[in-house]
Amino acid sequence: MSSEAIELYKKSLRKYEEFTNKCEDLLITLFQESEFNYQLVESRTKTLLSFEDKISRKKYTNPINEITDMCGLRIIVYYIENIDEVKALIRTNFVIDEENSMDKGTELETNQFGYLSHHFVVSLSENRINLPEWRTYSDFKAEIQVRTVMQHSWASIFHELHYKKPKEFPKKLDRKLFRLAALIELADEELLNIKEKYNLE
């Protein structure tokens with residue numbers, strides 16, 4: 001099954017790349033129309049090598065249908081209050097797979113600090129599928145991550161430091177990273193307080 005899935009993904013990769021690009025363009029258009037102030041929208045399509053690696057590490061019955069992040073998008077916003085605005089926009093324009101979507105912050109205990117991000121697994125709404133330019137992607141899914149500039153900075157640095165040498169990373173340095181995560185969370189709250197206090201838009 002693995003070799004068959006790899007061959008199928010190889011044949012379909014260009015369509016996944018097209019779908020990723022169209023979703024990115026759609027999000028940017030929606031933000032522009034609503035005059036929503038965001039920092040960045042970025043995207044990536046899972047490479048063939050990454051797909052092979054994922055199915056080698058985890059058992060799937062049907063990898064093409066079960067892996068939900070072949071098309072990945074990330075929305076970086078300025079303030080934590082913007083996350084709810086983006087969530088509302090996503091819910092309006094996509095169908096959300098609630099079972100596979102998650103708020104990473106809810107996985108942390110009250111005395112824990114770490115990775116914060118909202119992950120939405122989405123597919124096209126029926127109205128959009130009926131449009132000729134979207135019809136060919138009716139069965140596709142994408143993962144949309146939403147986080148603040150501060151959250152994104154920490155996550156990027158954590159990934160750069162931690163995952164390059166996972167077996168060698170000292171616990172003492174790990175603890176320092178999570179202490180920084182606590183400061184990042186506090187900074188997000190304080191930046192929002194400043195914005196609201198001085199009516200900054």
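The values are calculated or read from the model by the stated rules, or taken from the named source; none is laboratory data. Not measured: the values here are computed from a predicted model. Cβ: placed from backbone, ideal geometry, glycine included. Neighbour counts: every protein chain shown.
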Quiz prompt | Restricting region 9-38 to residues that are loosely packed, with under 13 Cβ neighbours inside 10 Å and in contact (Cβ under 8 Å) with a residue 24 or more places away in the chain, the residue that is nearest to Gln151 (Cα to Cα) | solution = Asn37
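For region 104-130, how many residues meet the condition of being within 24 Å of His159 (Cα to Cα) and at pLDDT 90 or above?
Here is the first cut: in region 104-130, the residues within 24 Å of His159 (Cα to Cα) are 104-121.
Checking which are at pLDDT 90 or above leaves us with 119-121.
Looking only at that region, the number is 3.
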Practice problem: Scan region 39-81 residue by residue and report those that are in contact (Cβ under 8 Å) with a residue 24 or more places away in the chain, of a type in the set (D, E, K, R) and touching a Phe, Trp or Tyr at 6+ places or on another chain (Cβ under 8 Å). | Solution: Lys46
